[in-house]
Amino acid sequence: MTAINISDLLYVTALSGGVTLLSTSLRGVSSVSDVFRHIKNQIVPLKGLITLRIRNSTQGWAQQHTLVLKEAKQPVVSRVTSALRRAPYPSLFPDSLIYD
């Protein structure tokens, strides 16, 4: 793989089934893993096969990666609120702060 410097300007496109899910520019990432993490956080509700095109305009290279995104078993917020509701003591937070 080609190195990514933190000062590089990256153009990233995520596609699924030929449809563009996200097209953005990134600066401040230092690895392909950072790019994957950023994109996954942006398209979190999706699952399936994703094609990711990364173009580093600073260094003049491009790469294409295929990722398989899995559905999260249970959202973190839902797990936390479930634990709060089972507590045998009264909550310090109003119900409007509890998300499901």
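The values are calculated or read from the model by the stated rules, or taken from the named source; none is laboratory data. Note that the coordinates shown come from a computational prediction; the quantities given were computed from them, not determined experimentally. All Cβ positions, even for glycine, are placed from backbone atoms using ideal geometry, and neighbour counts span all protein chains on display. Please note that ligands, DNA and RNA were not included when accessible areas were found on the heavy atoms of the full protein model with its side chains. Shrake-Rupley method; radii C 1.70, N 1.55, O 1.52, S 1.80 Å.
Name the pairs whose Cβ atoms lie under 8 Å apart, with the first residue in the stretch 11-29 and over 16 Å from Gln63 (Cα atoms), the second of a type in the set (S, T, N, Q) and in a loop (DSSP other than H, G, I, E, B), and 6 or more positions between them or separate chains? From the stretch 11-29, the pairs are Arg27/Ser7.
Results for (1) modelled with pLDDT of 90 or more; (2) outside any loop (DSSP other than H, G, I, E, B); (3) open to solvent by 40 Å² or more (accessible area, probe 1.4 Å), shown as yes or no for each residue.
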| site | (1), (2), (3) |
| --- | --- |
| Thr20 | yes, yes, yes |
| Arg53 | yes, yes, yes |
| Glu71 | no, no, yes |
| Val80 | no, yes, yes |
